[in-house]
1. Could you name the lysines in cross-link range of LYS91, using Cα to Cα under 23 Å and dropping any fewer than eight places away on the same chain?
2. Return, in residue-number order, each cysteine of the chain whose C-beta is not under 4.7 Å from any other cysteine's C-beta.
3. Accessible area per residue, 1.4 Å probe, Å², for the stretch 159-220: what's the number?
4. For a quick check of understanding: with a 1.4 angstrom probe and all protein chains in place, what accessible area in square angstrom does GLU32 have, to the nearest ten?
5. Ordering LYS82, LYS45, LYS140 from largest to smallest accessible area (1.4 angstrom probe), what's the sequence?
6. Within a Cβ distance under 9 Å of SER125, other residues only, what is the Lys/Arg minus Asp/Glu net charge?
7. From the helices alone, meaning DSSP H stretches of at least four residues, give me the mean residue ellipticity at 222 nm for the chain, per-run term -39500 (n - 2.57), in deg cm²/dmol to the nearest 500.
8. So how tilted is helix 30-44 from the main axis of the chain? Cα-based, degrees 0 to 90, rounded to 10.
Amino acid sequence: MTNPQDHGHDHPHNHGHDHTPIEMVDVPGYYEVMETAVRELLTAKGLISANDIRHQIEVLDSRTPALGAQVVARAWTDPAFKARLLADGRKGCEELGISFYDDTQLIVLENTETVHNLIVCTLCSCYPRPVLGLPPDWYKLKPYRARAVSEPRKVLAEFGTDIPDDVEIRVSDSTAVVRYLVLPRRPQGTEGWSRDDLAAIVTRDAMIGVIPVTTDRKAA
Ligand code: FE
């Protein structure tokens, strides 16, 4: 607790509030009012409790791309698991202990020498949250949602990803019930790596399909 530089010094904490008080001036918007009303109604009717809501937020916050990275690393190192994962993405993830707290299905799309997959939700922000957590802001914004479909090669180039002309780009549009996860190609030079080392180089963006997995990240 003690900072050596402070040792022996009298260091009065300034509780005199020399900063401007933080004022809450925001008026709740339409959706905030709606959310509060629906939540209070559901709680008052006994359909859900405040603890149910707290718990669900805790579950959502516990999901990060590290989960998806484990799935990818396992698929790269276990051909039988990979086959099961490609046959049923959700079951494959559940095998690794990743629970699905919603009614979504998961389709895992494998990148190959000839096919590069990219995922989008053209309508809103559907995303494989159980395995990746919350989507990045750009994923939810209109430019990506529209252009990923109309000019995917150009969008990928803007992420620094140049896909050769002879490689087909497949864009998959997520829905409320069907979500996608890209299984990126395993980079060369990673033969013999442990699953943990492999998982460490698998990024969120690679599992969305906007960049490949490279070994740069391990060196960093
Ligand atoms: Fe959506």
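1. Reachable lysines: LYS82.
2. By the Cβ distance rule, which asks for a partner under 4.7 Å, the isolated cysteines are CYS93, CYS124.
3. Accessible surface, normalised per residue, equals 55 Å².
4. Result for GLU32: roughly 110 Å² accessible.
5. Ranked from most to least accessible, the order is LYS45, LYS140, LYS82.
6. Around SER125, the charge tally is +2.
7. Calculated mean residue ellipticity at 222 nm is -11500 deg cm²/dmol.
8. Result, in degrees: 80.
The values are calculated or read from the model by the stated rules, or taken from the named source; none is laboratory data. The model shown is predicted, which means the values in this text are computed figures rather than measured ones. FYI the Cβ positions are ideal-geometry reconstructions off the backbone, even for glycines, and counts take in every protein chain you see. Keep in mind that these areas ignore ligands, DNA and RNA; they rest on the heavy atoms of the full protein, side chains included. Shrake-Rupley method; radii C 1.70, N 1.55, O 1.52, S 1.80 Å.
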